[in-house]
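Right, one structure below, let's go through it.
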Amino acid sequence: MWKELATCSKIVVKVGTSTLSYPNGRLNYQRLVRLADTLAKIQLTGRKIILVSSGAIAVGAGRLGLASRPADLAGKQALAAIGQAELIRIYRRFFEAREQQVAQVLLTKDIVIRPDRRENARNTLFELLNMNIIPIINENDTVATDEIEFGDNDTLSAYVAELAEADLLILLSDIDGLFSADPRKHSDAKIIPVVCEITKDLERSAAGAGSGFGTGGMATKIEAVRICRNSGIKVVIANGANPDIISNIIAGRESGTLFYCSRKINAGYTDMNIRNTDTV
Amino acid sequence: MQRKVRIVFKVEIDTLFDDNGKLSPRKTEQLTMVCADLQNSGISIALVSSGAIALGAGKLGQELIPLNITGKQAAAAVGQAELIIMYQDYFDHYDQTLAQVLLTRDVTDNPVRNRNARNTLACLLDQGIVPVINENDSVSTSDIILNDNYPLVLIVASLTDADAIVVNTYEEGRFLLIKKNFSEIIELDAGELPDFIFEFAGGKMESEGDIEGFPDFTQYADK
């Protein structure tokens, strides 16, 4: 089933704060360079990439030299506003060095709730992909009150994958995949290579196997899988420590956990859209 | 409550671009210097800046600004990144930190978002950070359709409880200073701005932040 990923033409890649930054919160430039390198190379093969990136608040805190994050909402949102500007500047720098154009798209849950916003966001994304530009997406934390506290980019990236009619969502974080048991407690815990069905058992084990990174955890990742399954989008959870892993995944080589589902039969128009974006 | 005097700067295409439609480094340098200088004088500045679509079109090698909405939105997504990076590069020379704030019109009629945007902007202004504000064109199209950011400027003036709005005139280096409630408008040179702003604010370094600020233009909100 992994081999099927070699045919994916539209891919959403989500990177978490733990992938982008060192444990002290400052950006890991080496990793960002390798990420930009990997994604730009994939884009050259004619596949379309959408990047969903966290990290704005961490970058904002770094810019202001703060040791810890502010506790109040306004303080966090101010940091997000400072950090997002810095983050897009750094991405632009690394992608431009590889002659790959990028765009910034900041979204809120409006794209799920409001049809007009949804339509606008969808049009923007399709137009950018048509022009061979990599959209770099984040939550618009500055205005998204209810979202910043409970929201997470795992869920956002799933909605983006659905909106963009992607074939595959890759969730990169600091865990290697879904384990058969909590690897911190069970030394014989193994990565499950393919999951075809989300069972109650699986949900229970996911709730227990959390890690300390970012705002997400395995639970939000399973939620992202659930959103994607509704639209027939496959999801891979993998470790982002080496961004080259993205190349392995889309070459169909087993590299983490694949949440498999077959493409929806009634989604024929999706394939047509993919063809269109490929020929432009 | 005592706080710094707050000014909203309306940045139009003409403020940043030359007559040929190219970004003017000289004009941009002049604007950022004026803003950084006002910050140094103890006045808080918020920029409401156009220019994303024009910059995006330029970046994409398009001779003309795209006419259809989707084309404009894509140009805006590319250009907003360019715009905020450009401001950072210029403000970095003056050791001035900025923040990017992308709003949608519902900040006026959604009470939670309204309070939220107010708090975030106040937090930035109080820390001496310049918010650079634009409409979030990727999901909202009212400014694109209107082709002017005046409604957004008035919304931001209201959200920040601004003491005055500054608008550039057709003559380079000359500005219009618009007092709260439009009770007074004067034209002046950039160099005169700090003194006049303090005079406008009642001759004090701090504003009382009274309730009679710029009116909320909720009727412009896209419902």
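What percent antiparallel are the DSSP beta bridges of chain A, to the nearest 5?
15
Under unit Cβ charges (Lys, Arg +1; Asp, Glu -1), what dipole magnitude, rounded to 20 debye, does chain B have relative to its Cα centre?
Its charge dipole is roughly 640 debye.
Work out the FRET efficiency for residue A:251 and residue B:118 from their Cβ-Cβ distance, taking R0 = 35 Å, and round it to the nearest 0.05.
The calculated FRET efficiency here is 0.10.
Can you order the peptides A:43-55, A:130-142 by their average number of other Cβ atoms within 10 Å per residue, highest first?
The most tightly packed comes first, giving A:130-142, A:43-55.
Pairs of alpha-carbon atoms within less than 8 angstrom and 6+ residues apart define the contacts here; what relative contact order does chain A have, in percent?
Answer for chain A is 25 percent.
Once you have the Cα-Cα distance between residue B:174 and residue B:196, take 0.36 nm times their residue separation minus that, and quote the gain in nm to one decimal. Spell out each step's value before the answer.
Numbers: separation 22, 0.36 × 22 = 7.92 nm, distance 1.32 nm.
Extra length available between residue B:174 and residue B:196 comes to 6.6 nm.
Would you mind giving the mean number of other chain beta-carbons within 10 Å of the Cβ of each residue in A:89-96, as a whole number?
Counting Cβ atoms of other protein chains within 10 Å of each residue's Cβ and averaging gives 2.
Hey, what did the stretch B:1-58 get for relative contact order, percent, Cα under 8 Å, at least 6 apart?
50 percent.
Give me the inter-chain shielding for A:68-76: mean count of other chain Cβ atoms within 10 Å, whole number please. Before the final figure, lay out the partial values.
On the way: counts 0, 0, 1, 0, 2, 5, 11, 5, 2.
Neighbouring Cβ atoms belonging to other protein chains average 3 per residue here.
Hey, what did chain B get for relative contact order, percent, Cα under 8 Å, at least 6 apart?
Averaging sequence separation for qualifying contacts and normalising by length gives 27 percent for chain B.
How much FRET efficiency would the formula 1/(1 + (r/R0)^6) give for residue A:230 and residue A:3, where r is the Cβ-Cβ distance and R0 is 22 Å, rounded to 0.05?
Result of the calculation: an efficiency of 0.40.
Pick from A:177, A:252, A:65 the residue whose mean-square fluctuation is largest in a GNM of chain A, springs joining Cα atoms under 10 Å.
Result for chain A, Cα springs under 10 Å: A:65 fluctuates most.
I'd like the FRET efficiency for residue A:219 and residue A:244, computed as 1/(1 + (r/R0)^6) with the beta carbon distance as r and R0 of 25 Å, rounded to 0.05.
Efficiency, rounded to the nearest 0.05: 0.35.
Helix-only estimate, please: 222 nm mean residue ellipticity of chain A, summing -39500 (n - 2.57) across DSSP H runs of length 4 or more and dividing by its residues, to the nearest 500. Display every interim value, and only then the final one.
Working: 12 runs with 129 residues, N = 280.
Roughly -14000 deg cm²/dmol at 222 nm, from the helical runs in chain A.
What spacing in nm lies between the two simple spin-label points modelled at residue A:262 and residue B:127, each 7 Å away from Cα in the Cβ direction?
5.2
Among DSSP beta bridges lying fully in chain B, give the percent that are antiparallel, nearest 5.
Taking every DSSP beta bridge within chain B, about 40 percent pair in antiparallel fashion.
To the nearest 100 Å², how much accessible surface do chains B and A hide from each other in total, with a 1.4 Å probe?
3400
Restricting to bridges with both residues inside the protein assembly as shown, how much of the DSSP beta-bridge set is antiparallel, in percent to the nearest 5?
Taking every DSSP beta bridge with both residues in the protein assembly as shown, the antiparallel ones total about 30 percent.
So which of B:10/B:179; A:10/A:190; A:10/A:41; A:3/A:200; A:3/A:234; A:48/A:109 end up more than 19 Å apart by C-alpha?
Violating the 19 Å Cα-Cα cut-off are A:10/A:190; A:3/A:200; A:48/A:109.
Which net charge results when you count Lys and Arg as +1 and Asp and Glu as -1 among the other residues whose beta-carbon is under 12 Å from that of residue A:126?
Surrounding charge for residue A:126 is 0.
Accessible area per residue for chain B in Å², computed with a 1.4 Å probe and the full protein assembly in place, what is it? Please list the in-between numbers first.
Numbers: 9090 Å² over 223 residues.
Spelled out: the 1.4 Å probe surface of chain B, per residue, equals 41 Å².
So how far apart, in nm, are the two label points at residue B:93 and residue A:194 if each is 7 Å from Cα heading toward Cβ?
5.9
How far apart, in nm, are two points set 7 Å out from the Cα along the Cα-to-Cβ line at residue A:203 and at residue A:186?
Result: 2.0 nm between the two label points.
The values are calculated or read from the model by the stated rules, or taken from the named source; none is laboratory data. Worth saying up front: this structure is predicted, and the values here are computed from it rather than measured. Cβ sites come from the backbone with ideal geometry, for glycine too, and all protein chains shown count toward neighbours. Protein only, heavy atoms only, side chains kept; ligands, DNA and RNA dropped before computing areas. Shrake-Rupley method; radii C 1.70, N 1.55, O 1.52, S 1.80 Å.
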